[in-house]
Amino acid sequence: MVRKRDGRVEPFSAEKVRAGVVKAIADRDIPAGALDALVVQIEAYADDHGPEVGTEEMGHQVLEALRRIDEVAYLRFASVYKEFVEASDFEREMAAMEDPG
């Protein structure tokens with residue numbers, strides 16, 4: 001089960017994860033099988049950390065996986081997940097990506 005930001009609880013949906021990631025990787029040169037592997041990884045995380053996992057945790061896991069695959073896809077997903085509202089939000093996130101700590 002996944003606890004949404006508004007407090008609702010609903011079943012985990014691998015298809016929702018896939019749909020969000022597909023939007024993030026659109027028109028990017030992503031290695032074959034990377035999308036499927038990411039979805040499997042997130043589903044395994046949900047299974048391992050259940051019976052209820054927050055969307056915050058799930059989103060963080062997706063971000064970490066995308067960061068390893070493609071930085072542009074990571075920023076696209078982050079812009080929705082972290083609710084960016086202005087260009088400085090992108091700048092801040094890019095700076096954080098470059099910080100090794």
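Only the coordinates and a few stated rules stand behind these numbers; no lab work does. This structure is a prediction, so every number in the text was calculated from the model and none was measured. Quick reminder, even Gly has a Cβ in these numbers, built from the backbone with ideal geometry, and neighbours come from all protein chains shown.
A compact table of results
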| quantity | calculated |
| --- | --- |
| Hits in region 1-16 - residues which are of a type in the set (A, V, I, L, M) and under 16 Å from E52 (Cβ atoms) | M1, V2, V9 |
| Filter result for the condition that a residue is under 12 Å from the mean Cα position of the chain (by Cα) and of a type in the set (A, V, I, L, M), over A87, A96, A37, A73 | A73 |
| Within the chain, helices (runs of 4 or more DSSP H) holding 3 or more residues that are of a type outside the set (D, E, K, R) and surrounded by 16 or more Cβ atoms within 10 Å (Cβ to Cβ) | 14-25, 34-49, 55-69, 71-81 |
| Residue match in region 49-69 (condition: more than 21 Å from A96 (Cα to Cα) and without any contact (Cβ under 8 Å) to a residue 40 or more places away in the chain) | yes |
